[in-house]
Amino acid sequence: MKPIYPLLGLLLSAAGGALAAPITNFDSDPVIDLAGQLRGQQHGARAIAVQTLDAAASAKILREVGDRRQLLDPMGIPEDDKRMIAAHPELSQRQGKLLTVSTPAGQRLQFKSWKVAKGDGDSSTFLYQGPLAGNALQRVDLQFGHDAPGSLLIDNRSGKVFFTYSTENMVAPSPDGSALLQLQSSPDWRLQLVSLPQTEQASLFCSLKDASAESTFKSWRGNSLGLQLEKGGQKLALRFTRNGGDWQVASSQPALLAKLGFRCSQPR
């Protein structure tokens, strides 16, 4: 609940205390590089069978207009974060290139933007984008000097920081911030659903041999995620549902999915 944030912010400011070295890049300690994990992930020991999705549920997913508000899109953000910091002073402060973000759990994290002019030049710029996913997460976008931007997600429950390459990949946290979708379609098709904040637990990994199939994000609804795949004019619905520590996968056309080389697994 937001009313507790101002008090926490005051307590944190009064307490002061030593801060860890500022985060200066996506691979700075203690950032967890979820984008890198997606690129390198292999299938787990337990295969997840694709169930048949009933006609009504399939039609609902296929009819739905994708809710792009649930997707992280750093390409559409303002050039500065003054407005967002002004809207959330209890969570964020900026002093020049140094951005400080506080969490209700008591952590304070600092992000330091930088620029190098020598040679080809390079830079990293951190822009605060406020809370999301029911205040379970906070978002800081990272703009690179030479590459497309990404997003850092701060988990308010644990203080952990996760990097996602939200420009090249489809990235969407669940409404309550308990799970995160990452979908890569090039050079190969890979999908990862991780639990937050304990990303090493109950993760689902799916792959598709035919990477030419077009993926469309539909929406998170509670613990279920809807996607659409299209190949050769045929559209099929996909639904991923979390049930405790397990994920269930269902499709309107499991046979077509199998022909496309679709498979899913969990670690155990």
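Below are the figures for this structure:
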{"read-out": "GNM top mover of LYS235, LYS115, LYS209 - the chain, alpha-carbon springs below 10 Å", "value": "LYS115"}
{"read-out": "Overall dimensions of the stretch 109-268 by Cα: Rg and Dmax, Å", "value": "17.5, 55"}
{"read-out": "Acute angle (nearest 10 degrees) that the helix 4-15 long axis makes with the longest principal axis of the chain, alpha-carbon atoms", "value": "40"}
{"read-out": "Sequence-distant aspartates and glutamates (8 or more away, or on other chains) whose Cα lies within less than 20 Å of LYS112", "value": "ASP27, ASP29, ASP33, GLU79, ASP80, ASP81, GLU90, ASP122, ASP141, ASP147, ASP155"}
{"read-out": "Difference of contour (0.36 nm per residue) and Cα-Cα distance, ASP80 to PHE144", "value": "21.6 nm"}
{"read-out": "Estimated inter-spin distance, ASP67 and GLN95, nm [label 7 Å along Cα→Cβ]", "value": "4.0"}
{"read-out": "Vicinal HN-Hα couplings computed from phi for the stretch 220-233 (Karplus, 6.51 cos²θ - 1.76 cosθ + 1.60; Hz; Gly/Pro x)", "value": "8, 9, x, 8, 10, 10, x, 10, 10, 10, 10, 9, x, x"}
{"read-out": "Accessible surface of ARG157 - all protein chains present, 1.4 Å probe, nearest 10 Å²", "value": "110"}
{"read-out": "Exceeding the 29 Å Cα-Cα cut-off - candidates LYS60/LYS82; LYS82/LYS115; LYS60/LYS209; LYS60/LYS231; LYS97/LYS118; LYS218/LYS259", "value": "LYS60/LYS82"}
{"read-out": "Selected from ALA105, ASN169, LEU142, residue furthest toward positive end of dipole (the chain; charges at beta carbon)", "value": "ALA105"}
{"read-out": "Virtual spin-label span in nm between LYS60 and ARG39, 7 Å along Cα→Cβ", "value": "3.8"}
{"read-out": "Debye, to nearest 20: dipole size of the chain, +1 on Lys, Arg Cβ, -1 on Asp, Glu Cβ", "value": "500"}
{"read-out": "Phi to ³J(HN,Hα) by Karplus 6.51 cos²θ - 1.76 cosθ + 1.60 over the stretch 167-183, Hz, x for Gly, Pro", "value": "8, 7, 9, 7, 10, 8, x, 5, x, 9, x, 8, 8, 9, 8, 10, 10"}
{"read-out": "ALA20 versus ARG221: modelled label distance in nm, points set 7 Å from Cα along the beta carbon direction", "value": "3.9"}
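The values are calculated or read from the model by the stated rules, or taken from the named source; none is laboratory data. What you are looking at is a predicted structure, and each value in this text was computed from that prediction instead of being measured. Neighbour counts run over all protein chains shown; Cβ positions are idealised from the backbone, glycine included. The protein model used for the area step is the full one, side chains on, heavy atoms only, and it has no ligands, DNA or RNA in it. Shrake-Rupley method; radii C 1.70, N 1.55, O 1.52, S 1.80 Å.
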